[in-house]
Amino acid sequence: MKVLIVDDNNEKTRDILAVLISAGLSEDEDIDVASCAQAAARHLKDNDYGLMILDLHLPIRLSEEPRIDGGSFLLKEIGRRKELRRPEHILGLTAHDEAKASAEPEFNKGLWSIVKASSDSSEWKEAILEKVRYLRARNSTQEVLNQVKCDILFICALRKPELTQLKKAITSNWKEVILPEDATAYFHATVPVSEGQELNVICCSAPSMGMAASAALATKASLKFKPRVVGMTGICAGREKEINLGACLVASKTWDYGSGKFFGETDTESARFAASPHQLVVDPIVQTATEAIMADQVMLDGFHDQFAGNRPDRRLSVTLAPMASGAAVQADSQFFASIERQDRKVVGIDMEAFGVCWAARETFEPRPVFFVCKGVSDFANEEKADGIQEYCAYTSARIGMEIAKRILARA
């Protein structure tokens, strides 16, 4: 971030420089100084400034005496002359009450602030320091985002096993992307897809399971990185006799199975739940990509064989079918019978899919294509098959990456 100091008082300028340097700015690279309005205008013609610190009692030209309205004059010039680049923020400084009163109408137009600067007070220095720290933190985030491209954003429910296995499945050249005001750990990698072409991938995991956590993560990550495709990989529960353990389920549509209304006394067995789900159907391009992968058994066998860990005995398969989401982990063998009333073809349930898909659907234009691809690690009954969770997370990531590549190849 560059700062322009406009002040004809050398002693005060040195004090301002000391504050800016203590905030981490470089005097040689980040700070310019002008002693009059005319000199400041020359700097503004050639540079973009995140902050201009403007003395209000200022000469128009170096050969002239300071004027009460010198700072206001420069503000008016910035608004009038198109060749002058407007600073992102302006902070007025003055020890003169008359100059402050003269400048306030012009400063109020831009919602800029004026700080009373005097030799016997340090409050104005603290105000400058806090302003610079705030702007640097915000600008450093934007600078990072400007350097990171994103074609595909992968959202995972948890760091283990989902995110860990996704990173192993896609590539080994991940680099962490640190955003100063965001506690989430994002990882970026470039993945070659053909000669001379590559895709930029970002992946991250929510701090906890559930639709709310994953939807919040998908929302902020989509707004920051602006992906073309948003995918979720990981593990889910499957419907016994409809899909095998270890198989990969790609959601043809998803919804919140807890959406509806209870009738009667909710704390008695007479209570009745009337479901009212809003189903999100995937884009036809997701169906086309998934069906192409379903037909490529050689590729699926390769994914199965390349996993270095506990694997199911049967071959890896892919199913395109409805997946419902809810707020609780299910370990009830009769659970799918109740969900079947909402969609008789439901094959899987999880705790996040609908939240991620809804977030991707509601983000800014151009909206990304979204999909959910999860491995079946149990049947939502009392017999949890935790031993294949890593396999399911790994193979769903391999398949998810193939789906994303095919989507972008057709886009």
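Miscellaneous remarks
- Residue, nearest to N139 (Cα to Cα), within segment 47-62, restricted to residues that are exposed (fewer than 13 other Cβ atoms within 10 Å of the Cβ) and modelled with pLDDT under 95: D48
- Residue within segment 234-241 that is under 19 Å from E162 (Cβ atoms) and part of a loop (DSSP other than H, G, I, E, B) present: no
- Restricting R85, R61, R80 to residues that are of a type in the set (K, R), without any contact (Cβ under 8 Å) to a residue 24 or more places away in the chain and either in the same structural domain as E11 (by TED's automatic domain parsing) or in contact with a Gly (Cβ under 8 Å, 6 or more places away or on another chain) (or both) narrows the list to R80.
- Any hit, segment 77-85, residues being modelled with pLDDT under 90 and crowded, with 18+ Cβ neighbours inside 10 Å: no
- Strands (runs of 3 or more DSSP E) contained entirely in segment 110-181, each with at least 2 residues that are in contact with a strand residue (DSSP E or B) (Cβ under 6 Å, 6 or more places away or on another chain) and crowded, with 20+ Cβ neighbours inside 10 Å: 152-156
- Residue under evaluation V193, criteria (1) more than 27 Å from V369 (Cα to Cα); (2) more than 22 Å from the chain's Cα centre (by Cα); (3) surrounded by 12 or more Cβ atoms within 10 Å (Cβ to Cβ), criterion not met: (1)
- L44 surrounded by 17 or more Cβ atoms within 10 Å (Cβ to Cβ) and in a helix (DSSP H, G or I): yes
- Beta carbons closer than 8 Å, at least 6 apart along the sequence or on distinct chains, pair a first residue in segment 234-253 that is within 24 Å of K168 (Cβ to Cβ) and touching a residue at least 60 places away in the same chain (Cβ under 8 Å) with a second that is in a strand (DSSP E or B) and of a type in the set (D, E) for G234/D350; I235/D350; C236/D350; A237/D350; A237/D378; G238/D378; L245/D378.
- Filtered residue count, segment 87-109, keeping only those that are closer than 21 Å to R138 by Cβ and loosely packed, with under 13 Cβ neighbours inside 10 Å: 0
The values are calculated or read from the model by the stated rules, or taken from the named source; none is laboratory data. Fair warning: this is a prediction, and the values are worked out from it, not measured in the lab. Please note: Cβ atoms are built from the backbone with ideal geometry, for glycine as well, and neighbour counts cover all protein chains shown.
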